[in-house]
Protein chains: 2
Amino acid sequence: MNTLTSRQKEIFDFIKSKISNEGYPPTRMEISNFFGFKSPNAAEDHLKALKKKGFIDILSGTSRGISLSNSDDSIPVIGLVSAGSPMLAEENIEKKIPALPISSHGIDYYLRVKGDSMIDVGIFDNDLIAVNKDLKVKKNAIVIARIDDDVTVKTLKEISNNKVVLKAENDNYNDIIVNPNKVSLNFEGTCVGLIRNIS
Amino acid sequence: MNTLTSRQKEIFDFIKSKISNEGYPPTRMEISNFFGFKSPNAAEDHLKALKKKGFIDILSGTSRGISLSNSDDSIPVIGLVSAGSPMLAEENIEKKIPALPISSHGIDYYLRVKGDSMIDVGIFDNDLIAVNKDLKVKKNAIVIARIDDDVTVKTLKEISNNKVVLKAENDNYNDIIVNPNKVSLNFEGTCVGLIRNIS
DNA sequence: ATTCATACTGTAATTATATACAGTAATTTA
DNA sequence: TAAATTACTGTATATAATTACAGTATGAAT
């Protein structure tokens, strides 16, 4: 099976979320509306690409005739991340739980938040954030960044070749300003949802 | 919930099998063809009966817009609450989604939060809070209260025979202090979790 | 006794949907 | 460096699908 481009993965994730949220797959129009396409043919082309790569099946002449080729809805919860290990390394996986039933984006893993650096945007200590690892990181998005083996959740305020500004959403913390040429900086994903257990 | 006739159960089972085999619900025509109906209206009538008895939901104007009401997706999401209507009245139900995968308490419904009166405890506009309606309301818990038909989410700070204090977790709002003997006050439940979709 | 629910047939209109064809432009691959 | 892939806009059309209205017939409930 071929690999998907990041855009194709977004489309694929949207289809999955529609199926799990509404109970049926989207139409070309619904895909186009969600992504802002001006023509349903943009969605049609994406569906053909997904079919060609073996991720979906399309039944022709059938409304919403999209079916997933293989589905697996068991998503890992990442607790503390060991220095140097990849996010999804087995040693970091706390347990597995189903997908958030409401996110319009795909969820690759949940990350347990440590600390209060993001309380101003309602992300508290011990919350679980849902992370998509393939979405292109965008300004003002809440991102999961790894700086020299240290994993942190912050708002991305500025990104250029030699300067990246990560903002803590809490006045008691300073912005993190790094030069990606001088320190090791990787984006592990974008925050697309949140789960909190209140006891 | 009413009981189904044997014919209605056959229709319902066919819908379930279609969803699990094909990945999407059937059309009226597909139902009619399977059962040998000569008119799609026969299927339409059955669907209306199933809806009336609460076994399915139908999204009007939507092809294959049938969703099962009592699968795993059994927890209702409450949007705006119409004045005077019970929380779980059909008119208030936005959709149904599965239980939060991590909550330690039972979840009776999700309530969509309107406004920013609870931002200091990380509950934001448009968040979904998970509500347990049978837990005994306790001091310092986040409760869902109905005061004269007005549903509100606040922290319960004080509760006695003639005085109840509900605190907004936002300095721009004042506490709500009511005498339960003088106004109609009901506790609709306790907040036991939170889901947020970040797009 | 009569209304109501069940279980359909038959027709038809409106809208929802799939999907082809003709393009443009940027990026990737051979 | 040409060809293919990706990622769309724009237009158009046949057909898929929902769903209303008008009936018929039977049995169960008020």
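Here is a list: A:Lys16, A:Lys48, A:Lys53, A:Lys9. Which entry is within 22 Å of A:Ile102 (Cβ to Cβ), within 11 Å of DNA strand D (Cβ to nearest atom) and either open to solvent by 40 Å² or more (accessible area, probe 1.4 Å) or more than 10 Å from chain B (Cβ to nearest Cβ) (or both)? From the options A:Lys16, A:Lys48, A:Lys53, A:Lys9, the qualifying one is A:Lys9. Annotation note: Cβ proximity below 6 Å between a residue of segment B:98-113 that is surrounded by fewer than 18 Cβ atoms within 10 Å (Cβ to Cβ) and a residue that is at pLDDT 75 or above and of a type in the set (Ser, Thr, Tyr) (sequence gap 6+ or interchain) occurs for B:Ser104/A:Ser199.
Take the conditions more than 10 Å from DNA strand C (Cβ to nearest atom) and in a helix (DSSP H, G or I) and apply them to A:Ser20. Does it pass? Answer is yes for this residue.
Taking the criterion of being outside any loop (DSSP other than H, G, I, E, B) and either open to solvent by 10 Å² or more (accessible area, probe 1.4 Å) or free of Cβ contacts under 8 Å to residues at least 24 places away in the same chain (or both), the residues of segment B:114-133 that qualify are B:Ile119, B:Asp120, B:Val121, B:Asn132. Screening segment A:164-199 for residues that are away from every other protein chain (no Cβ under 14 Å) and of a type in the set (Gly, Ala, Ser) and picking the one that is nearest to A:Lys136 (Cα to Cα) gives A:Ser184. Can you tell me which residue is nearest to DNA strand D (Cβ to nearest atom) among those in segment A:19-45 that are out of contact with any Phe, Trp or Tyr (no Cβ under 9 Å at 6 or more places or on another chain) and in contact (Cβ under 8 Å) with a residue 60 or more places away in the chain? Residue satisfying both the conditions and the ranking: A:Asn21.
Of all residues in segment A:19-29, those that are open to solvent by 40 Å² or more (accessible area, probe 1.4 Å) and either touching a Lys or Arg at 6+ places or on another chain (Cβ under 7 Å) or more than 30 Å from B:Ile75 (Cβ to Cβ) (or both) total 1. Note on segment A:173-191: among residues that are surrounded by fewer than 15 Cβ atoms within 10 Å (Cβ to Cβ) and of a type in the set (A, V, I, L, M, F, W, C), the one that is modelled with the lowest pLDDT is A:Val183.
On inspection, B:Ile159 qualifies as open to solvent by 60 Å² or more (accessible area, probe 1.4 Å) and aliphatic (A, V, I, L, M). When the residues of segment A:33-45 are narrowed to those that are away from chain B (no Cβ under 14 Å) and more than 19 Å from A:Ser60 (Cβ to Cβ), which ends up nearest to DNA strand C (Cβ to nearest atom)? Here the residue is A:Ser39. Selection of segment B:61-71 for residues being near DNA strand D (Cβ under 10 Å from one of its atoms), within 19 Å of the chain's Cα centre (by Cα) and either part of a loop (DSSP other than H, G, I, E, B) or more than 13 Å from every other protein chain (Cβ to nearest Cβ) (or both) yields only B:Gly65.
The values are calculated or read from the model by the stated rules, or taken from the named source; none is laboratory data. These figures come from a predicted structure and were not determined experimentally. When we count neighbours, we look across all protein chains shown, and the Cβ atoms used for this are built from the backbone with ideal geometry, even at glycine. Protein only, heavy atoms only, side chains kept; ligands, DNA and RNA dropped before computing areas. Shrake-Rupley method; radii C 1.70, N 1.55, O 1.52, S 1.80 Å.
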